[in-house]
Amino acid sequence: MTGGLLLVAMAAAEVQRFAVVVGNNEGAQGDDALIFAEQDARKIHGVLTELGGVSLMNTRTLLGKGRGDLIREMAAMQGPIASAKQNGNEAVLYFYYSGHADEDGLHLGTTEVAWSELSAMLDRSGADVRVAFVDACQSGAMTRRKGGARAPGFVLDLEERLDARGSVVVTSSASDEASQESDEIGGSYFTHFLASALSGSADADRDGRVTLAETYRYVYHETVFRTSSSRVGTQHPTEASNLSANGELVLTEMGRSGTGTLQLPGENAGTFAVFDVERRMFVSEVEVAGADRQVALRPGRYLVQRRLPAHLSVAEVQLAARGVVRVEASQFRRGEYESDVAKGSIDATIRTAKRPKLSLRLNVAGRAFSDPVVQTAYFPTTGAMGVEGRFDWREGQYVTGDFLVGSGGGSLSIEGLDYPVAVGLDSTTFGVGAGWRSPEFIVQAGGGVHLEAFWLRRRFPDAGVPDQELFSVAPGLAGWVGVHPGQWQIDLQLRVHYLPYVVDGRDLGMGFSELMLGLGYRL
Amino acid sequence: MILLLALAAGCGTVSNDPFNDDADFLAALPTEDQQTLRFGEDTTAEAARGIGERAELVELSIAVATTVNGFVFGVLDLLEGVRGLPPASRTEDGRRWGPAELDCNVDGSLLMSREAAVYDWSVVGHQAGEETDATVLYGTHFGGASVKAGDGVFVWDHSRWSAWCGADEGGIVSVAYDNREGVDLLVSLEDFFRSGEAPADRDYAYRHTDAEGDFEYRTEADLDDSGTPANVEVRDRWVPGVGGRSDAQVSGGRFGDEVWVWSQCWGATGALVYEVDNLGLVEEAGAGSECVYAEAAGLERI
């Protein structure tokens, strides 16, 4: 009798699930920018919210953000978790990261978060169970430090009492290994198989629920298998756990409201990749061998592909919420690799990722002519303001476009005149430049060539002399050094221009220089 | 590429020519430092009588030079005021400064015109109630290797100016100058008088290069301390930093038709090294071999 009351009381409590999903294509100095890290984060965000019981309200997704944002969001998650626990509920926190890392920690763009810091943040979250998936090079350093062991294999359903405490960390590679992205699958191997696992591919016992153990087994096997022939080397996911549990943790459940089920009949054996046409990404990979397999997906249009040596075999399906679509062998049509929609979409994603990044900056400049006589007798030093746009390629090249407008005054000192001649100076310049910059780091520098078309006007308010104008194009050099904390950029730039123009028999070839301070933001 | 080069060459109207022209016009005006008689400025000998003391004729010439400089500077002061101001109007070959209020309530203007390297200029003005401008100072400047290094002449109507100022003075002062090599001035006063004086003509010729100086003039002075001024003609010649010679011819006054010729040679500091006269009014002193110029000389330019 007493035991029965306890079960009722326990059933009244809920398990609330929270998630912090982080993706960052940018890394620290020397890291090649990734293409799919942020897309992978979006993929996992989708799986967790659609199949994993994590509400959108309890999810924080950080794409391309830095250390400060992560610390803020992790701290912000503590409130809802504490609130859930005060109401008698239990909390599970999922943490997913896709991006660069090294043996010391995560590289969130140019900022870093040490493995120990990340562990501390997870511990401080207050969640009863913390599950971290870290898809990054040398991410095994995190599990190695934790020194945990595999958890026992019991099953705890999504809505059941956890009866578990502790944390689990699954990493994409060992502490001395690289984690790899693949243009073929449009993402990292680890996340590709993690998403496949969570959507049902890992459901080995066909009970419609994917547990942590099933997930790890599936991801480990598939990742090792797929990367064993790669040029970079085999990638071995790791797992560490200090979970004290009386059962296994269910991560996702098929047939949840808002999702549909794709059935692949056992008689049509092979490996099938499922491509989400709307989100332009592979969302699952399913091995069919003798028995039917099910994959839970959000409603939408999907391509189910089977890759054959000479061609593709493709079935297109439309999946509705709570709908079940069985993809029979007869639905598959021959498709050519050249017209593969999935490949085209991935290529488009790659092209987009490889596009140069645009940053905009507001510049405040001082412009001075190099020849002292020109400066004192023709064009006194003036100030100017303007904007500059810079496209940065991943490989370090950049091009710029800018304009400056200036207006100022001063006085000219003319030989033979005892009085200064008051002069006003207006200017408008348009410039283009190209150059190379140092690798992404908090302090950056760059240099290159710059071509400036400029218009100058001299006004003589007291002298009764008509306004004078000068238009020319001046080639030159530009160099800059800046501090780039995250998206923001503060640059000090010096430009020197040659000016092949003659005024009153004086060659202005020494040209002019512009020293400017810029505040920029990378879009 | 051709277009780019063309653009790079630039186009526009930027030029300081209007202001350089202003400077040229101003350079055509005589300046005080160009019109100064620098006689005896470097002499340091004590003023007393005798060998080794400052020569009396040097003292006389310094006094005369100071007076002439006073005339000239007084005239040129009128021009100095415009140098710190931009012209009020410009044409391609003309400038106008003013009108501005001058001394003695005169509204004056400086007008300048140019034809080739010849600059004509005049200071005109009027007082309240006068309908037309009158010219009080005018001149012509001929540019040389530069505008400034040229020659010219300017004339001051002292009668006109004195009338505006209500002063009992008058006459004409004209200055012919040549700045092409050193300083060469010919200053003439015609019917010139100050308050209480009788109108008189005076001429002064001054020439100064790095190698030689020459100053000649006529004046009235009591050189023999007789209490009666006589007519004096003086010719000073000198080599800068070495010494010089002054020759005076005195007539009239107590000399009547007789001419007293008095010569003094002096060293770099103006100190007397030799003197002699024809009438024995002074005792011959020093050695004639000390003279920079061995022979006496009379007036040649005036």
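The values are calculated or read from the model by the stated rules, or taken from the named source; none is laboratory data. Here the structure is a predicted model, which means the values were calculated and not measured. Backbone-built Cβ (ideal geometry, glycine too); neighbour counts: all protein chains shown.
Scanning region A:389-408 finds no residues that are crowded, with 20+ Cβ neighbours inside 10 Å, at the interface with chain B (Cβ under 9 Å from one of its Cβ atoms) and either over 44 Å from the mean Cα position of the chain (by Cα) or touching a residue at least 12 places away in the same chain (Cβ under 8 Å) (or both). Per the listing B:47, B:55, the residue uniquely surrounded by fewer than 20 Cβ atoms within 10 Å (Cβ to Cβ), closer than 27 Å to residue B:283 by Cα and of a type in the set (Gly, Ala, Ser) is B:47. Screening region A:229-347 for strands (runs of 3 or more DSSP E) wholly inside it with 2 or more residues that are among the acidic types (Asp, Glu) and under 32 Å from the mean Cα position of the chain (by Cα) returns the ranges A:281-288.
Against the test of being polar (S, T, N, Q) and within 14 Å of chain A (Cβ to nearest Cβ), the options B:146, B:162, B:174, B:113 yield a single qualifying residue, B:146.
Out of curiosity, is residue A:403 under 13 Å from residue A:433 (Cβ atoms) and not aliphatic (A, V, I, L, M)? Yes. The residues of region A:187-210 that are modelled with pLDDT under 90 and either outside any helix (DSSP H, G or I) or more than 16 Å from residue A:272 (Cα to Cα) (or both), listed by number, are A:187, A:188, A:202, A:203, A:204, A:205, A:206, A:207, A:208, A:209.
State whether one or more residues within region A:448-460 are of a type in the set (D, E, K, R), crowded, with 20+ Cβ neighbours inside 10 Å and more than 11 Å from chain B (Cβ to nearest Cβ). No, there is no match, as no residue in region A:448-460 is of a type in the set (D, E, K, R), crowded, with 20+ Cβ neighbours inside 10 Å and more than 11 Å from chain B (Cβ to nearest Cβ). Return yes or no: is residue A:226 surrounded by fewer than 22 Cβ atoms within 10 Å (Cβ to Cβ), at pLDDT 80 or above and charged (D, E, K, R)? Against the criterion (surrounded by fewer than 22 Cβ atoms within 10 Å (Cβ to Cβ), at pLDDT 80 or above and charged (D, E, K, R)), residue A:226 qualifies. Consider residue B:156 carefully, then state whether it is outside any strand (DSSP E or B), touching a residue at least 40 places away in the same chain (Cβ under 8 Å) and either surrounded by fewer than 16 Cβ atoms within 10 Å (Cβ to Cβ) or of a type in the set (Phe, Trp, Tyr) (or both). No; evaluated as a whole, the condition is false for this residue. Flag not set for residue A:416, criterion: more than 11 Å from chain B (Cβ to nearest Cβ) and either free of Cβ contacts under 8 Å to residues at least 24 places away in the same chain or assigned to a strand (DSSP E or B) (or both).
A quick yes/no check of all residues on (1) surrounded by fewer than 21 Cβ atoms within 10 Å (Cβ to Cβ); (2) among the β-branched types (Val, Ile, Thr):
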position	(1), (2)
B:220	yes, no
B:229	yes, no
B:239	yes, yes
B:246	no, no
B:257	yes, no
B:261	yes, yes
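Restricting A:234, A:252, A:211 to those that are of a type outside the set (Gly, Ala, Ser) and touching a Gly at 6+ places or on another chain (Cβ under 6 Å) reduces the list to A:252. All of (1) modelled with pLDDT of 85 or more; (2) away from every other protein chain (no Cβ under 14 Å) hold for residue B:45 with one exception: (1). Take the conditions (1) assigned to a strand (DSSP E or B); (2) of a type in the set (Asp, Glu); (3) more than 14 Å from chain B (Cβ to nearest Cβ); residue A:426 misses just one of them, which is (3). Taking the listed residues B:151, B:120, the one that is more than 14 Å from chain A (Cβ to nearest Cβ), at pLDDT 95 or above, under 24 Å from the mean Cα position of the chain (by Cα) and crowded, with 16+ Cβ neighbours inside 10 Å is B:120, with no other qualifying. A residue that is assigned to a strand (DSSP E or B) and surrounded by 14 or more Cβ atoms within 10 Å (Cβ to Cβ) occurs nowhere in region B:73-82.
All of B:93, B:77, B:107, B:103 fail the test of being at pLDDT below 95, more than 14 Å from chain A (Cβ to nearest Cβ) and within 17 Å of the chain's Cα centre (by Cα), apart from B:77. Looking only at region A:461-480, residues that are within 7 Å of another protein chain (Cβ to nearest Cβ), out of contact with any Leu (no Cβ under 9 Å at 6 or more places or on another chain) and within 18 Å of residue A:405 (Cα to Cα) come to 0 in all.
Taken over region A:461-499, residues that are under 17 Å from residue A:516 (Cα atoms), at pLDDT below 90 and crowded, with 17+ Cβ neighbours inside 10 Å amount to 1. Does region A:512-522 include one or more residues that are at the interface with chain B (Cβ under 10 Å from one of its Cβ atoms) and either closer than 28 Å to residue A:397 by Cβ or not in a strand (DSSP E or B) (or both)? Scanning region A:512-522 turns up no residue that is at the interface with chain B (Cβ under 10 Å from one of its Cβ atoms) and either closer than 28 Å to residue A:397 by Cβ or not in a strand (DSSP E or B) (or both).
For region A:500-523, the candidate set comprises residues that are touching a helix residue (DSSP H, G or I) at 6+ places or on another chain (Cβ under 9 Å) and in contact (Cβ under 8 Å) with a residue 60 or more places away in the chain; within that set, the residue that is surrounded by the fewest Cβ atoms within 10 Å (Cβ to Cβ) is A:506. What do you reckon, is residue A:381 within 14 Å of chain B (Cβ to nearest Cβ) and over 33 Å from the mean Cα position of the chain (by Cα)? No: the conditions fail for residue A:381.
The helices (runs of 4 or more DSSP H) falling completely within region A:36-135 that include 3 or more residues that are within 20 Å of residue A:192 (Cα to Cα) map to A:37-51.
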